[in-house]
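Please treat every number below as a calculation from the coordinates, not as lab data. Everything numeric in this text was worked out from a predicted model, so none of it was measured. When we count neighbours, we look across all protein chains shown, and the Cβ atoms used for this are built from the backbone with ideal geometry, even at glycine.
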């Protein structure tokens, strides 16, 4: 039989050891987070080990980004958005020429229908050769299809109204003022983010916005500034296009970008088709006469450009994305110079330089925001 004093002494002797062990366990847990992950594995920021790069990580782990991979992804997306701006900038020439033959509803219906048709074989190939979803439950597949459909309808409706206001506005204002007012979405996007979603931008991004607005003033407004109905419609287009950018920012991480882009074009074509039948008198001869600008605007500006926007915006700050895409104003002037022979003045070249400087400034890392995040 064990004496009570002996039992108490034995238990007391174990307490310091267990206390020391309790201090070691957090250290080992911290060490496990510091150890590099094996090949093909991604360290989890929660300290729960690693998960396979091909497996579906926990919800919080999706927020983890490898620093090097994040920089490369940002660079790739920035280049895709710059290519988008280039395609859209050249499309200003196509829109200007196409409006000589058909009305805005007919032009938008034709280009959107072509954009959707162009993407159909791309969707089929990607669906056939893409990764399977055998691990998903039927409920997850239904939710994915639901989000894809809702995203395509929302983006298509906003895109249709924004494009229509721009097309109709071009009938009552100059191309330069239209380019300046449309690109004002670079200021509207961060304001919507700030007041409605409480997302703050860094001081570098705000500086880039101001620099870009000054650059667009020198670039687009060469004959003074006055307000008419065309200017108001174009400013409304900038607001709607800001909503379109934020809608893509919400839906692109949750749905397939190419499929959503295809749906948005057919939705846009359907809405524009109703307006075409109600307010215009479309003729096949007029559409065929404008086949070149319609084909470019449909296949490249819509089919390729807006799809690259959805893919490029995935994981990007929407404010920075809007800054890059505002380069369409610069590209439109360069395209007019190269294709239509329109000379560029020193004032316009200075505006281009300021725009390029704004894009570079927005890409620089902000140490203040990084310290706050850490």
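Return an integer: the convex hull volume of the alpha-carbon atoms of the stretch 69-161, in Å³ per residue.
It comes to 147 Å³ per residue, whole-number rounded.
Over the stretch 299-343, what per residue volume does the convex hull of the Cα atoms give, in whole Å³?
Roughly 64 Å³ of hull volume per residue.
In whole Å, how far is the Cα centre of the stretch 275-290 from that of the stretch 138-190?
Taking the Cα centre of each part, the stretch 275-290 and the stretch 138-190 sit 23 Å apart.
What's the percent breakdown of Cα-Cα distances in the stretch 113-204 across 10 Å bins, shortest bin first?
12, 24, 29, 26, 8, 1
Could you line up 180, 196 from fewest to most neighbouring Cβ atoms inside 10 Å?
Going from least to most buried by this count: 196, 180.
What's the ranking of 184-195, 255-266 by average number of surrounding C-beta atoms within 10 Å, highest first?
Working: 184-195: 19.8, 255-266: 24.2.
Output ranking for 184-195, 255-266: 255-266, 184-195.
Just to be sure I understand: if I project the alpha-carbon convex hull of the stretch 189-346 onto a plane and average over all orientations, what area do I get in nm²?
12.1
Suppose we keep just the alpha-carbon trace of the stretch 90-364; what are its Rg and Dmax in angstrom?
When restricted to Cα atoms, the stretch 90-364 yields Rg and Dmax of 19.0, 61 Å.
Packing-wise, with mean Cβ within 10 Å as the measure, how do 243-253, 352-362 rank, highest first?
Going by the mean number of other Cβ atoms within 10 Å, highest first, we get 243-253, 352-362.
Can you tell me which of 319-332, 72-85 comes out highest on packing, and rank the rest after it, using the mean Cβ neighbours within 10 Å?
By packing density, highest mean first, the sequence is 319-332, 72-85.
Determine one quarter of the surface area of the Cα convex hull of the stretch 152-203, which equals its mean projected area, and express it in nm² to one decimal. Walk me through the numbers before you get to the answer.
Working: hull surface 19.7 nm².
Average of the hull's projected areas for the stretch 152-203 equals 4.9 nm².
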